[in-house]
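First up is the structure itself, then whatever we jot down about it.
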Amino acid sequence: MLTPKYPPQDTAPPVVNTAPAPASNAVVASSPAPVAPVSNRPTVQLTPGSALALAAGGGAVVLVVGAVLVSLLLAVAITGMSVAVAAVVLRSMLKDFNNQR
């Protein structure tokens, strides 16, 4: 049930370079280019439509995250203002209470 699923292993044999090393004073006419190992993993190909959909999805995520962060900042600002108003009201009430004694 909770066993991990690993991707299939590459089955390409490792590339072994068997060419002899050139002499230090010899001029090498042409050396073969190194060959990259072949992978059996599928390549991801983006069509113009899927690239547009990916960009639109990314933009939507940025807008949603931005809206959430702005609303959190607004909530903190409103809370701070309400605490400041409450402090002013309490200070005024305590001042009036001390003047009546």
If you go through region 38-80 one residue at a time, how many are open to solvent by 100 Å² or more (accessible area, probe 1.4 Å) and under 25 Å from residue 8 (Cα atoms)? 7
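Looking at region 39-70 only, could you name the residues that are more than 22 Å from the chain's Cα centre (by Cα), among the small types (Gly, Ala, Ser) and in a helix (DSSP H, G or I)?
The first filter runs over region 39-70 and keeps only residues more than 22 Å from the chain's Cα centre (by Cα), leaving 39-42, 47-49.
Next, only the ones that are among the small types (Gly, Ala, Ser) stay: 39, 49.
If the condition is that a residue be more than 22 Å from the chain's Cα centre (by Cα), among the small types (Gly, Ala, Ser) and in a helix (DSSP H, G or I), then 49 is the only one that fits.
The values are calculated or read from the model by the stated rules, or taken from the named source; none is laboratory data. Remember, it's a predicted structure, so these values are computed and weren't measured experimentally. What goes into the accessible areas is simple: the full protein's heavy atoms, side chains included, and nothing from ligands, DNA or RNA. Shrake-Rupley method; radii C 1.70, N 1.55, O 1.52, S 1.80 Å.
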